Amino acid sequence: MSARRQSLSGPMPMEHTDDTNSRRPSTSTRPNADASHHNRVAVARTRIDQVTHHISPRLPSTLAKDMSTQSFKQAPHKLLVIPGPIEVADDVLFANAHPAMSHVSPEFIPVFGDCIRMLREVLFAPNAQPVLTAGSGTLGWDHVAANVLQPGEDALVLNSGYFGDSFADCLETYGAKVDQIKAPIGSKPSLDEVEAALAKKKYKVLTFTHVDTSTGVLSDAKGLGELVKRVSPETILVLDGVCSVGSEEIRMDEWGIDVVLTATQKGLGCPPGLMVLAASKKAIAAFEKRTVPPNSYFASWSRWLPVMKAYEAGTGAYFATPPTNLIYALHASLTTITKGSPSLEERFQQHVATSDRVKDFVSQLGLQQLAADGKKDGAHGMTAVRYPQGVKATDLLPKLVAKNIVVAAGLHKQVKDEYFRIGHMGVTVVDKQRGDIDYLLNSIKEALAEAGYKP
Ligand SMILES: *Cc1c(COP(=O)(O)O)cnc(C)c1O
């Protein structure tokens, strides 16, 4: 593990302060030409090693990977602390640089199969059916709309911000009849409100946003699972986990969650490009009982479920090409999450501890959060912070960029100019050697002072 730790090299504080080109646009990840050149040489060297190992028929590919990742170090870059995409560990980025592979080759098929198996571990869902396809988190909504619901069926959307609006919009696009319970900004529909709605009408599907990335509010997944089991056990409970899988505890089986949908670029710590979903036996049964075929071509489970089963069985199958390199990246990340240090449970605890630290820091500075009670109702992988009086986005965010920190602006339509969002997920949280959180918090304090704010 210590070798892996050493190889995980994030943007260290020194690299940020030494950055002489900090006025470049935030997309720049190459602070100076020298570093960039050295890095390219290093990358080329490890790439040659990797290719050499790769074509050696006797060397197991995992061994080749271990040998070469130790020397790969990504270029110095601005610290990306938005609520996704997040910082990607060196070994994951390196895995993404895998040589081109056939998506049906005997070397690739078990890698895909492992991703399916490890995803079940992350979600505590030994009986769920994962589905992984090219796409992003949004495509998970299409999967729910096209496979679990039939046109004209009723869905209840719990709306705790921007992503609730969008999920509802997506379901309606496929012909579902959608009711919503909308919470005021910074809170979520209460279990009582949900119970009352379920008592009034039978819903085929109930969806909620586990972490609404526009407000930083965390929903009570366990409580909703218990509620549905108690008052409407036929209802299929869908958790939008795009901003929570990997950073929040989700016990799909035990809590009675039927669909979890996510993407690779948030708590799973990979580059964007994969939709990741898991469906319970109950959700699959609902799909199998359909009387009309799924009303999507690319998102149809009729096409994808046989492919997923084939990859897991070690045979492989084709409907549409998976992003093979991303599957390698996901494999590296899921291996760290399920088998590395910290353990999965410790990973969740560390996200809670870091979140508490960020939220305490924000309060001590005299700043408010969007979540009504940040430490109680707030997500553990992000924090939404209101600007203090007299400070605007244009005062603060460029000052952070000048310190090589990229946070996110507001997203909720009604208040988007009033707050900013900090992501604290993945390697930024669990790899303490990177020093990301210290650097982030110090920089926020300094930038606020530069913007004229006095706590
Ligand atoms: C980011 C996000 C999405 C959308 O995911 P994409 O990968 O951008 O398509 C959906 N829901 C939530 C809660 C998110 O945070």
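In whole percent, and with a 1.4 Å probe on the protein chains, what portion of the accessible area of the range 344-451 is carbon and sulfur? Kindly include the intermediate steps, with their values, before the conclusion.
Values: 2120 of 4420 Å².
Of the solvent-accessible surface of the range 344-451, carbon and sulfur hold 48 percent.
Roll a 1.4 Å probe over the protein chains and send me the accessible area per residue for the range 158-262 in Å².
On the way: 3570 Å² over 105 residues.
With all protein chains present, the range 158-262 gives 34 Å² per residue.
The listed peptides 118-131, 384-397, ordered by packing as a protection proxy, come out as 118-131, 384-397 (highest mean of other Cβ atoms within 10 Å first).
Fully extending the segment from ALA313 to ARG290 would add 5.7 nm, taking 0.36 nm per residue of separation and subtracting the current Cα-Cα distance.
Could you let me know the centre-to-centre spacing of the range 388-455 and the range 294-340, using Cα atoms, in angstrom? The distance from the Cα centre of the range 388-455 to that of the range 294-340 comes to 36 Å.
Given a 1.4 Å probe, how much area per residue of the range 344-451 is accessible, in Å²? Display every interim value, and only then the final one.
Details: 4420 Å² over 108 residues.
That works out to 41 Å² per residue.
When each of the peptides 221-232, 277-288, 80-91 is scored by the mean number of other C-beta atoms lying within 10 Å of its residues, the order from highest to lowest reads 80-91, 277-288, 221-232. The modelled label-to-label distance between LYS182 and LYS413, using points 7 Å beyond Cα along the C-beta direction, is 0.8 nm.
Heavy atoms only, probe 1.4 Å: what % of the accessible area of the range 95-339 goes to carbon and sulfur, would you let me know? Don't skip to the end; give the middle numbers.
Numbers: 4640 of 8280 Å².
Roughly 56 percent of what the probe reaches on the range 95-339 is carbon or sulfur.
Take the Cβ atoms of PHE124 and GLU450, set R0 to 60 Å, and the FRET efficiency comes out at 0.85. For the listed peptides 236-245, 327-336, 351-360, 415-424, a ranking on the average number of other beta carbons within 10 Å per residue, highest first, reads 236-245, 327-336, 415-424, 351-360.
The values are calculated or read from the model by the stated rules, or taken from the named source; none is laboratory data. Note that the structure is a prediction, hence the values are computed from the model and not measured. Counting neighbours? That spans all protein chains shown, and the Cβs are built from the backbone with ideal geometry, glycine included. Each accessible area value is taken on the protein alone, full model and side chains, heavy atoms only, with ligands, DNA and RNA left out. Shrake-Rupley method; radii C 1.70, N 1.55, O 1.52, S 1.80 Å.
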